[in-house]
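Student: What follows is a single structure, and I will ask about it in a moment.
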Amino acid sequence: MKIRAATAADLPIIAEIHLKGWELAYGGFISADQLAAMQPEKRLPLWQAWFADQKKLILVGGIGAEIDGFILGGPVKDHEITDGASLSGFDCEIYSLHCRAAVQGKGLGRALLGAATAQWAAEGRTALMLWAYADNAYRKFYERIGGEVIAHGLDDGILDVAYGWRDLGDLIGTIGLEQHHVS
């Protein structure tokens, strides 16, 4: 398994994996218009802008020689919070983490999350969070690695849940990063 920083040449592949991830995770409850907006050719300019943003982190990984997944993250973004919770104290956020269906359950998502967490910890960040749609069956992944529900909100009118890890060192220990390094 290899994890590395994304390059500009990787962006079309990332956009394709992003669409497939949305179809798999959210296809049962988001609109066809939302999925249509995720088409790689429509999203490529957005991925190029994220890639150019020095505050964003994009890592790719694969089980073999091909890219099978990615993670995108950066500073905590504003969000519509519905339960009065606060995201105070969280200083990094995962915006997107998707792996091809064929490699799910083989540790790539965990390795990508671990590599991003290690990089943020090395930069002095301390606490990580992310948002997941409430109806997303993949939320269990975050719960298995110690994510605590820290807030509830809305994203484009869809209920979502925030997970948080208040100590990146604890998350690194839970994930078991000794074998996952960014090259």
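The values are calculated or read from the model by the stated rules, or taken from the named source; none is laboratory data. Bear in mind the structure is a predicted one, so any value in this text is a computation, not a measurement. Glycine also receives a Cβ, built like all others from the backbone with ideal geometry; neighbour counts cover every protein chain displayed. Quick note on the areas: whole protein, heavy atoms, side chains included, nothing else; ligands and nucleic acids left out. Shrake-Rupley method; radii C 1.70, N 1.55, O 1.52, S 1.80 Å.
Student: Each residue of the range 130-135 in order: what ³J(HN,Hα) in whole Hz does its phi give by Karplus 6.51 cos²θ - 1.76 cosθ + 1.60, θ = phi - 60°, with x for Gly and Pro?
Tutor: Listing the rounded values in order: 7, 10, 9, 4, 4, 8 Hz.
Student: Using r as the Cβ-Cβ distance of Thr174 and Ala8, and R0 as 41 Å, what FRET efficiency do you calculate, to the nearest 0.05?
Tutor: My answer for the efficiency is 0.80.
Student: Now, a different point. Relative to the present Cα-Cα distance, how much length would full extension add between Asp155 and Thr126 at 0.36 nm per residue of separation?
Tutor: Details: separation 29, 0.36 × 29 = 10.44 nm, distance 2.52 nm.
Taking 0.36 nm per residue and subtracting the Cα distance, the gain is 7.9 nm.
Student: With each run of n ≥ 4 DSSP H residues scored as -39500 (n - 2.57), what mean residue ellipticity at 222 nm is computed for the chain after dividing by its residue count and rounding to the nearest 500 deg cm²/dmol?
Tutor: -10500 deg cm²/dmol
Student: While we're looking at this one, here's another question. Suppose every Lys and Arg Cβ carries +1 and every Asp and Glu Cβ carries -1, with no other charges. What dipole size does the chain come out with about its Cα centre, to the nearest 20 debye?
Tutor: Magnitude of the dipole: close to 540 debye.
Student: Okay, which of the range 147-173 sit inside 20 Å, backbone N to the point 7 Å along the Cα-Cβ direction of Asp33?
Tutor: Counting only backbone N, you get 154-160.
Student: Another question, then. Once ligands and nucleic acids are excluded and a 1.4 Å probe is used, how much of Val161 is accessible, expressed in Å² to the nearest 10?
Tutor: Looks like 10 Å² after rounding.
Student: Tell me the accessible surface of Asp10 in square angstrom (1.4 angstrom probe, heavy atoms of protein chains only), to the nearest ten.
Tutor: 10
Student: Ok, one more. Be a star and scan the range 72-97 for residues whose amide nitrogen sits under 14 Å from the point 7 Å along the Cα-to-Cβ vector of Arg166.
Tutor: Zone members listed by number: 86-91.
Student: I would also like to ask the following. What distance in nm separates the simple spin-label points at Glu41 and Ala137, each placed 7 Å from Cα in the Cβ direction?
Tutor: About 3.1 nm separates the two model spin labels.
Student: Let me ask another. Specify the residue with the greatest mean-square fluctuation among His152, His79, His98, computed from a Gaussian network of the chain linking alpha-carbon atoms under 10 Å apart.
Tutor: So, out of His152, His79, His98, the one fluctuating most is His79.
Student: Extension gain Gln48-His79, at 0.36 nm per residue separation less the Cα-Cα distance, in nm?
Tutor: The span from Gln48 to His79 would gain 8.9 nm if fully extended.
Student: Also, quick follow-up: Solvent-accessible area per residue for the range 1-118 at a 1.4 Å probe radius, Å²?
Tutor: I get 47 Å² per residue for the range 1-118.
Student: Roughly how much of Lys20 is accessible, in Å² to the nearest 10, using a 1.4 Å probe?
Tutor: 110
Student: If I stretch the segment between Met1 and Ala102 completely, what's the gain in nm (0.36 nm per residue apart, minus their alpha carbon distance), one decimal?
Tutor: Extending this stretch completely gives an extra 34.9 nm.
Student: Of Lys2/Lys77; Lys56/Lys77; Lys42/Lys140, which ones are farther than 23 Å apart at the Cα?
Tutor: Cα-Cα > 23 Å for Lys2/Lys77; Lys42/Lys140; rest within.
Student: Moving on to the next point. How large a share of the accessible area of the chain, in percent, is made up of carbon and sulfur atoms when the probe is 1.4 Å and the other protein chains stay in place?
Tutor: Values: 4540 of 8870 Å².
Carbon and sulfur atoms account for 51 percent of the accessible area of the chain.
Student: In nm, to one decimal, how far is the modelled label at Arg144 from the one at Ser86, with both set 7 Å along Cα→Cβ?
Tutor: 3.4
Student: Let a ≥ b ≥ c be the square roots of the eigenvalues of the Cα gyration tensor of the range 80-183; is it rounded (a/c under 1.5), or, if not, prolate (a/b larger than b/c) or oblate?
Tutor: oblate
Student: Straight-line reach from Lys106: which aspartates and glutamates have Cα under 13 Å away, leaving out those fewer than 8 places along the same chain?
Tutor: Leaving aside aspartates and glutamates fewer than 8 places away in the same chain, those within reach of Lys106 are Asp68.
Student: Out of the GluC sites (Glu not before Pro) in the range 20-87, which ones are loop residues according to DSSP with at most 13 other C-beta atoms within 10 Å?
Tutor: Counting only loop positions with at most 13 other Cβ atoms within 10 Å, the GluC sites (Glu not before Pro) in the range 20-87 are Glu66.
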